[in-house]
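Take a look at the structure below.
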Amino acid sequence: MSVTVVGSLNEDVLVAVGRLPARGETVIGRTATRAPGGKGANQAAAAGILGVGVHMVGRVGQDPAGDRQLAALADSRVDVGRVRRTPGVPTGSATIPVEDGTGENLIVVVPGANAALTPEDVDVDSVRRARVVLLQLEVPMPTVVAAARAATGTVVLTPAPAQPLPADLLGRVDVLVPNEHELAQLAGVAPGERSAAELASLARSVASCAVVVTLGARGALVVPAHGGTPELQAPPPVTPVDTTGAGDCFCGALAQALACGAGLTEAVRHAVTAAALSTTGPGARGALPDDAAVRALLPRVPDAVDVG
C-alpha cells in the first residue's frame, strides 16, 4: 500500500459568478454545477490519478450523492472499500462560488456523514500499513488523532479548516501542510501578506516537524525539520481557470511522491506542478493531472530559492 487518505467526501455545488460577494452582499450566479469534492476525497483522487495503491477511509450517506462520490473515486483508481455508508445522515456537501477570470473561490461546507467518522473506523490495515497517511480536519478531531496514532508510515496533515491542534496529534505529524492563512491562525497572529522568511519563522514557531506552506500562485515554501534552510518553490506558468481544490491536489501529489520514495524537496516540486495543472480546468477535479502530464511540465518549473 502507498497512500491512505482519512477524511471527508462531499458533493460540491460550483456556482460561477462575475465576482465573489462581499460580506452581506448578494450576487447573481451564472451557472451551477454539481461535482464530487471534500478535502479528503479530492486528495485521494489526485493521488490515485498520479499513481497506484491509494485507499480512502471515510463515510457517506445512504443516498444518491454517496453513490456518486464512491463512483467518482473508483474512477480515479482509489480503493473505497473502507468508506462506510451512514444511515439517516446525508452525504457531506459544499457550496463554492467561483469568480470568472481569476478562478478565486469561497467555500461553505456542511459535514453530513463526515461528522460520523469514528476512531474505530480508522483502526484498519489500510491506515496501519500505508507508507503515507494523509489527514485533514473536515472529520472529527478524535478520529484524526486516532489515525495519526495508528499510522506507521509518514503522516501528512493539512490543518484545514484551521483549528487548534492537540499536542498528541502535532507530535505524530511528519509533514504539516497549511496555507499561509491557516499558518497565521495556528501561530495566533493576524492575517496579512508576509515574506517567505517571515512565514518560515512562523512555521517553526508552530511545529518542529517539516512544514510546507502552500502559497497559491507563488508556489510553496518548504521549511525542513531540525533547522534546515527554507526554500521557496515557484510553480510552472499556467493560465488558471478555477483554483478550487488546487491545495488538495498539491497534498495528494505530495503524498504520492513521498510514498514513491522522493525526498521532501523533490516531492514539493512535483506537487506544485500537479497543483498548477489542476487549476486549468473547472472544479476540484476537473483537471487533475496524471503522472505523464506532471513529468512533461517539470522542465518548466523554476529552481527553488533559499529564503533563510
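The values are calculated or read from the model by the stated rules, or taken from the named source; none is laboratory data. The model shown is predicted, which means the values in this text are computed figures rather than measured ones. In this analysis, Cβ positions are derived from the backbone assuming ideal geometry, glycine residues included, and neighbour counts consider all displayed protein chains.
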Query raised in the report: What single numbered condition from (1) within 23 Å of ALA130 (Cα to Cα); (2) surrounded by fewer than 17 Cβ atoms within 10 Å (Cβ to Cβ) fails to hold for ASP306?
Result: (1)
Query - Output for segment 56-106, where each listed residue is in contact (Cβ under 8 Å) with a residue 40 or more places away in the chain and charged (D, E, K, R) - result: ARG59, ARG68, ASP79, ARG82, GLU99, ASP100, GLU104
Query raised in the report: If you scan segment 8-38, which residues turn out to be at positive phi and buried (at least 18 other Cβ atoms within 10 Å of the Cβ)?
Result: GLY38
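To keep it simple, each residue is scored yes or no on (1) charged (D, E, K, R); (2) modelled with pLDDT under 95.
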| position | (1), (2) |
| --- | --- |
| ARG194 | yes, yes |
| ALA200 | no, no |
| THR214 | no, no |
| GLY219 | no, no |
| THR239 | no, yes |
| THR243 | no, yes |
| LEU254 | no, no |
| ALA259 | no, no |
Query raised in the report: What do you reckon, is ALA190 under 23 Å from GLY38 (Cα atoms), free of Cβ contacts under 8 Å to residues at least 40 places away in the same chain and over 20 Å from the mean Cα position of the chain (by Cα)?
Result: no
Report task. Scan segment 54-81 for residues that are surrounded by fewer than 19 Cβ atoms within 10 Å (Cβ to Cβ) and within 19 Å of ARG131 (Cβ to Cβ) and jot them down. Result -> ARG77, GLY81
Report summary line: Of the residues in segment 275-292 that are surrounded by fewer than 18 Cβ atoms within 10 Å (Cβ to Cβ) and modelled with pLDDT of 95 or more, the one that is nearest to LEU106 (Cα to Cα) is ASP290
